[in-house]
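Following: one structure in structure tokens, then a few remarks.
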Amino acid sequence: MKLTKGGGLYVASTLLLGVSAVNTGNNLLFLMVAAMLAFMATTGVLGWLNIRGLALSVHLPDEVYAGTDTFLSVTLHNSKRYLPSFLVRVAVAGGSTSFLMVDRKRPQSGSLLLSFPVRGPLQLPDASASSPFPVNFFIRATSLPVHQECTVFPAPRPLPVPAPGGKPDAGEAAAVAAAGYDGELAKISDYRGGEPLKLIHWRLSAKHEVFKVKELTATAAEPLLLDLDQVPGRDLEQRLSFCTFLVNRLVKGGRPVGLKLGERVITPGSTRSHRLRLLTELANYGKN
């Protein structure tokens, strides 16, 4: 319980009147002091009841990155039998949000903007619910348990992305389709030797002095295995950040990506669940 400035003045006035009543023996002052104490007691009970019966549920998004602002959804429940709760402020891990009124059995939702500085497993601390209700003399608070765990991924840092042909793509030039043998026709070029016979364009070749071959796009990008030890960076945390960026960029672009973490190898994949698994492995690397 915290005493507000207005509450401090009220308590000081009550004490001053109480001392005056004792010194003067004035019955009117005694009645005034009694009324002020009764008012203080009544508001105290109402404030105590206001924060009873509250419960909090929280929801974090699937992807939480270190050092990045993240919205945390919170839902406040009021299980009291009769009374609603007023002017409730909920604080979780340094962020806070307010609820004007939470009626019984009608949960109210809000959101917090949080940032977690360190990667790895995270257990959210208990939340606190406070309220100055009813007259802002005292701010009463109670602890609300939060049963929410998540994994904070490393902060992604941009790095030139290796293209299917092995050349980096910094995102500044247009993407070039990878050559393949089963995709769509990309262009016609001269025969260089080694191309399969099925790719020779016989009709065009008959009109030219050299054979012409069809160049087709690849039906799928080649799988890529990211070796954490080979990723550039001044330290482990920077390499993990670069790796996080590469995993997101490549998998979202449809390219299968795997990881090599020391002696451990995770085979390439291109699904969202596989991407989250790779990010989790990067977040937990070196934490055990």
Quiz item: For the stretch 42-60, how many residues meet the condition of being of a type outside the set (A, V, I, L, M) and either assigned to a strand (DSSP E or B) or not assigned by TED's automatic domain parsing to the domain that holds residue 140 (or both)?
Solution: 2
Quiz item: Tally time: how many residues in the stretch 198-228 are modelled with pLDDT of 65 or more and loosely packed, with under 13 Cβ neighbours inside 10 Å?
Solution: 7
Quiz prompt | Options 1, 32; residue that is buried (at least 17 other Cβ atoms within 10 Å of the Cβ) and closer than 25 Å to residue 135 by Cα | solution = 32
Quiz item: Can you name every residue in the stretch 220-261 that is under 23 Å from the mean Cα position of the chain (by Cα) and assigned to a loop (DSSP other than H, G, I, E, B)?
Solution: 253
Quiz item: In the list 107, 121, which residue meets the criterion of being over 29 Å from residue 244 (Cβ atoms) and at pLDDT 90 or above?
Solution: 107
Quiz item: Taking the stretch 262-282 as the search range and keeping residues that are part of a helix (DSSP H, G or I) and without any contact (Cβ under 8 Å) to a residue 24 or more places away in the chain, which one is farthest from residue 246 (Cα to Cα)?
Solution: 273
Quiz item: Just one of 76, 83 is outside any helix (DSSP H, G or I), surrounded by 14 or more Cβ atoms within 10 Å (Cβ to Cβ) and either at pLDDT 90 or above or among the basic types (Lys, Arg) (or both); which is it?
Solution: 76
Exercise. Would you mind stating whether residue 68 is in a loop (DSSP other than H, G, I, E, B) and either aliphatic (A, V, I, L, M) or in contact (Cβ under 8 Å) with a residue 40 or more places away in the chain (or both)?
Key: yes
Exercise. Identify, from the list 144, 159, the residue that is at pLDDT 90 or above and aliphatic (A, V, I, L, M).
Key: 144
Quiz prompt | Filtered residue count, the stretch 86-108, keeping only those that are part of a strand (DSSP E or B) and either of a type in the set (A, V, I, L, M, F, W, C) or closer than 20 Å to residue 150 by Cα (or both) | solution = 12
Quiz prompt | Residue in the stretch 48-58 that is surrounded by 13 or more Cβ atoms within 10 Å (Cβ to Cβ), closer than 30 Å to residue 157 by Cβ, touching a residue at least 24 places away in the same chain (Cβ under 8 Å) and under 36 Å from the mean Cα position of the chain (by Cα) present | solution = yes
Exercise. Would you point out which residue out of 115, 109, 98, 131 is buried (at least 19 other Cβ atoms within 10 Å of the Cβ) and assigned by TED's automatic domain parsing to the domain that holds residue 66?
Key: 131
Quiz item: If you go through the stretch 260-275 one residue at a time, do you hit one that is within 30 Å of residue 189 (Cβ to Cβ) and either at pLDDT below 90 or among the hydrophobic types (A, V, I, L, M, F, W, C) (or both)?
Solution: yes
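The values are calculated or read from the model by the stated rules, or taken from the named source; none is laboratory data. In this text, all values refer to a predicted model and were calculated from it rather than measured experimentally. Methodologically, a virtual Cβ is constructed for each residue, glycine included, from the backbone with ideal geometry; neighbour enumeration extends over all protein chains shown.
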